[in-house]
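Everything below concerns the one structure shown next.
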2 protein chains.
Amino acid sequence: MSLTIRAYAPASIGNFAAGFDLMGAALAPLDGSLWGDVVGAKKASTTTLLATGPYAHLMPPDPTQNLVLRTFAFVKDALATKDIPCPEMAFTLEKNLPRSSGLGSSASSIVATLVACQILLGEPFTRSELLQMAGRAESLVSGSVHLDNVAPSLHGGLLLLVPGEGGSSKPRALPWPSELVIAVVHPHCELSTEKARHVMPNQLPMAEVLAFAQNLAAFVHALHTKDQEIFVRCLRDVLAEPRRAELVPGFRAAQKAAMRAGALGCSLSGSGPSIFAVAEGTEHGEKVAAAIQEAFNTVGLASEARLCGVDPLGARVLP
Amino acid sequence: MSLTIRAYAPASIGNFAAGFDLMGAALAPLDGSLWGDVVGAKKASTTTLLATGPYAHLMPPDPTQNLVLRTFAFVKDALATKDIPCPEMAFTLEKNLPRSSGLGSSASSIVATLVACQILLGEPFTRSELLQMAGRAESLVSGSVHLDNVAPSLHGGLLLLVPGEGGSSKPRALPWPSELVIAVVHPHCELSTEKARHVMPNQLPMAEVLAFAQNLAAFVHALHTKDQEIFVRCLRDVLAEPRRAELVPGFRAAQKAAMRAGALGCSLSGSGPSIFAVAEGTEHGEKVAAAIQEAFNTVGLASEARLCGVDPLGARVLP
């Protein structure tokens with residue numbers, strides 16, 4: 001019997017408030033449950049994919065169009081450049097994250113696939129190669145390379161993407177205050193990343209450029225110095241949120257409700273429609289999540305809420 | 001005899017590499033000398049200004065047009081809002097910094113004036129009020145409020161301007177590695193801040209926005225984590241320098257010479273024409289400064305070089 005590897009990759013918040021395209025966080029539910037896709041892989045005579053899980057029915061009917069097999073195609077190509085033969089694989093996908101939700105669903109499928117292959121094949125890739133492949137696979141969905149979901153889903157943590165070699169980016173871990181709770185609420189509607197990108201302008205006025213850069217740099221500084229005043233002031237999205245707010249029904253009301261409930265900050269998760277709010281502890285997080293859900297209810301949207309911390313581990317093989 | 005207060009405010013590097021408009025450093029020559037303007041103030045029957053020092057002859061002939069008296073006008077107004085009577089003052093200005101040099105010359109005159117008044121008048125102002133006045137006075141020269149010279153000249157340190165109340169900015173100290181040496185070279189030519197601002201565009205493409213914000217945030221992160229790889233990669237100006245380089249004769253050659261001499265980074269000081277390069281220790285700093293000066297010589301520019309650290313004190317009263 002062939003060995004089966006099952007790899008888990010957590011949900012994530014891309015565009016983490018101040019960090020449009022540059023900062024993302026892996027999510028770990030406080031109740032200890034897993035929240036992310038799981039990909040199983042074993043060597044086989046032909047490559048196949050079997051999708052299960054609560055969101056499997058929303059997958060493309062043609063399995064070769066699924067991100068698991070499309071990601072595996074990158075793995076094959078990368079192995080070929082290393083002159084390593086690539087076996088055929090039988091994949092399973094437990095699709096636990098809803099697509100177009102702002103929860104890093106595609107990143108989770110991609111990263112779980114890569115990690116399953118990496119382990120099954122004896123770790124042929126460096127961490128940096130895995131991240132590059134993940135970025136290329138993510139671009140199949142969003143149209144260009146963005147690492148703010150795949151990097152945290154792979155490495156864990158709250159990550160800042162910093163300049164790497166030759167115009168590339170690479171992740172660095174930021175010190176997230178572990179006592180804080182992130183209330184993540186997913187209203188039951190979809191918003192495609194492509195549509196959310198479409199409302200972003202190609203050019204920005206200089207005053208806005210400086211405000212964005214200042215806010216991000218100050219947020220990073222606040223994390224390192226535990227400067228709560230600046231942390232709270234900069235836990236916001238001055239760039240994308242003003243342009244995307246109207247794409248998410250009830251967002252502004254939900255955000256107001258979160259802030260009235262004492263959240264330290266509240267913004268879109270990724271490009272939405274999910275939103276996240278930062279609270280001071282579990283009890284406070286429950287209150288904030290309830291306020292957000294009530295606001296979505298008012299516009300007729302059911303929603304799902306989870307209280308999370310930042311997942312320090314990232315993608316991993318399940319026993 | 002009336003008490004005389006003499007206040008010193010150090011030279012400074014605005015637009016500190018990665019931090020266009022948002023980061024600045026106060027300078028302290030390694031040889032222990034002072035490098036900045038000194039303003040003397042004492043109560044008098046009429047307000048007067050006597051300018052001395054190596055650059056006094058370049059001051060406006062009408063003393064009321066000098067920044068010392070224009071800054072004093074802000075002091076008078078601010079005292080009036082507090083219902084505090086303002087005496088007439090006899091000022092002296094030792095003008096030690098050349099104007100339009102990129103060394104924070106106007107900030108130095110402004111801040112020294114404010115600190116002399118603050119001490120002579122029994123500290124009527126908060127630090128925040130002093131900074132606000134300094135910003136308004138600086139805008140007389142540059143056309144709008146910029147704090148990246150006045151804030152470090154007042155407070156000392158390498159400062160990041162972070163978001164304050166209602167769209168304002170306020171300074172936060174960054175942890176500059178004190179073992180590093182800053183070679184500052186002032187070629188004998190002038191470049192008005194206004195002219196240097198004129199070449200900056202009103203709008204920026206999104207890719208450049210992200211590159212600028214990423215570079216600044218990563219630089220701040222590198223300072224806090226002592227990540228030398230990222231520090232070196234991000235000790236650069238991706239925003240203003242490409243547009244201003246051609247305004248400074250010999251800048252590109254001087255920068256290349258500095259990097260060939262092993263500088264960790266080299267960019268314009270403020271809007272130029274002075275440039276600064278970061279070196280690893282005094283001996284290395286001397287080598288880097290010599291390389292820069294030789295490059296300026298090649299284009300027919302004499303220059304002055306100083307090896308500096310970051311001045312942790314900022315403006316202060318002299319004995």
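The values are calculated or read from the model by the stated rules, or taken from the named source; none is laboratory data. None of the values given here were measured: they were computed from a predicted structure. Please note: Cβ atoms are built from the backbone with ideal geometry, for glycine as well, and neighbour counts cover all protein chains shown. In case anyone asks, the SASA skips ligands and DNA or RNA and just uses the protein heavy atoms, side chains included. Shrake-Rupley method; radii C 1.70, N 1.55, O 1.52, S 1.80 Å.
Listed values, structure above:
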{"item": "Most fluctuating residue given options B:VAL278, B:VAL299, B:VAL68, as computed from a GNM of chain B linking Cα atoms under 10 Å", "result": "B:VAL299"}
{"item": "Alpha carbon centroid spacing (whole Å) that separates the range A:297-319 from the range B:76-130", "result": "54 Å"}
{"item": "Cross-link table B:LYS226/B:LYS287; A:LYS226/A:LYS287; B:LYS82/B:LYS170; B:LYS95/B:LYS256, entries beyond 27 Å C-alpha to C-alpha", "result": "B:LYS95/B:LYS256"}
{"item": "Selected from A:GLY102, A:GLY143, A:GLY250 as most flexible by GNM, with chain A as the system and alpha-carbon contacts under 10 Å", "result": "A:GLY143"}
{"item": "Net charge contributed by nearby residues that have their C-beta within less than 15 Å of A:ALA277 (K/R +1, D/E -1)", "result": "-1"}
{"item": "Per-selection Rg to Rh, the range B:66-115 - Cα, Kirkwood hydrodynamic radius", "result": "1.04"}
{"item": "Coil-residue GluC sites (Glu not before Pro) of the range A:104-188, DSSP, other Cβ within 10 Å capped at 16", "result": "A:GLU179"}
{"item": "Relative contact order, percent, chain B [alpha-carbon distance under 8 Å, six or more residues apart]", "result": "26 percent"}
{"item": "Inter-site label distance for A:ALA253 and B:THR46 at 7 Å from Cα along Cβ, in nm", "result": "7.1 nm"}
{"item": "Accessible area buried at the A-B interface, both sides summed, 1.4 Å probe (Å², nearest 100)", "result": "3300 Å²"}
{"item": "Loop-located trypsin sites (Lys or Arg not before Pro) in the range A:140-233, at most 14 other Cβ atoms within 10 Å (DSSP)", "result": "A:LYS226"}
{"item": "FRET efficiency, 1/(1 + (r/R0)^6) with R0 35 Å, evaluated for A:GLN65 and A:VAL145 via beta carbons", "result": "0.95"}
{"item": "Environment charge of B:PRO87, counting only residues whose C-beta is closer than 12 Å and scoring Lys/Arg +1, Asp/Glu -1", "result": "+2"}
{"item": "A:THR126/B:SER128 FRET efficiency (R0 41 Å; Cβ-Cβ; nearest 0.05)", "result": "0.25"}
{"item": "Alpha-carbon centroid distance for the pair the range A:167-246 / the range B:154-206, whole angstrom", "result": "23 Å"}
{"item": "Net +/- balance of residues flanking B:GLY14 in space, Cβ distance below 10 Å, scoring K and R +1, D and E -1", "result": "-3"}
{"item": "Square roots of 5 times each gyration tensor eigenvalue, C-alpha, the range B:109-237, largest first, Å", "result": "27, 20, 17"}
{"item": "Of the DSSP H helices in chain A, those whose Cα atoms cover at least 20 Å axially and whose Kyte score averages 1.0 or more", "result": "A:67-81, A:105-120, A:206-225"}
{"item": "Exam field: B:GLU304 pseudo-label spacings to other copies (7 Å along Cα-Cβ), nanometres", "result": "6.8"}
{"item": "Karplus-derived 3J(HN,Hα), 6.51/-1.76/1.60, for each residue of the range A:178-190, Hz, glycine and proline x", "result": "5, 7, 7, 10, 9, 8, 10, 10, 10, x, 7, 8, 10"}
{"item": "Kirkwood-based shape ratio for chain B, expressed as Rg/Rh from alpha carbons", "result": "0.97"}
{"item": "Between the range A:136-152 and the range A:29-72, the alpha-carbon center distance in angstrom", "result": "17 Å"}
{"item": "Rg followed by Dmax, in Å, when the range A:1-159 is reduced to its Cα trace", "result": "14.7, 49"}
{"item": "All aspartates and glutamates inside 17 Å of B:LYS76 as judged from Cα atoms, apart from same-chain residues fewer than 8 positions distant", "result": "B:GLU88, B:GLU123, B:GLU129, B:GLU138"}
{"item": "For the protein assembly as shown, radius of gyration divided by Kirkwood radius, i.e. Rg to Rh on alpha-carbons", "result": "1.06"}
{"item": "Solvent-accessible area per residue, Å², over the range A:180-309 with all protein chains present [probe radius 1.4 Å]", "result": "38 Å²"}
{"item": "Protein accessible area in the range A:180-309, 1.4 Å probe - carbon and sulfur %", "result": "50 percent"}
{"item": "Simple spin-label estimate for B:GLN228 and B:ASP83 in nanometres, 7 Å along Cα-Cβ", "result": "6.0 nm"}
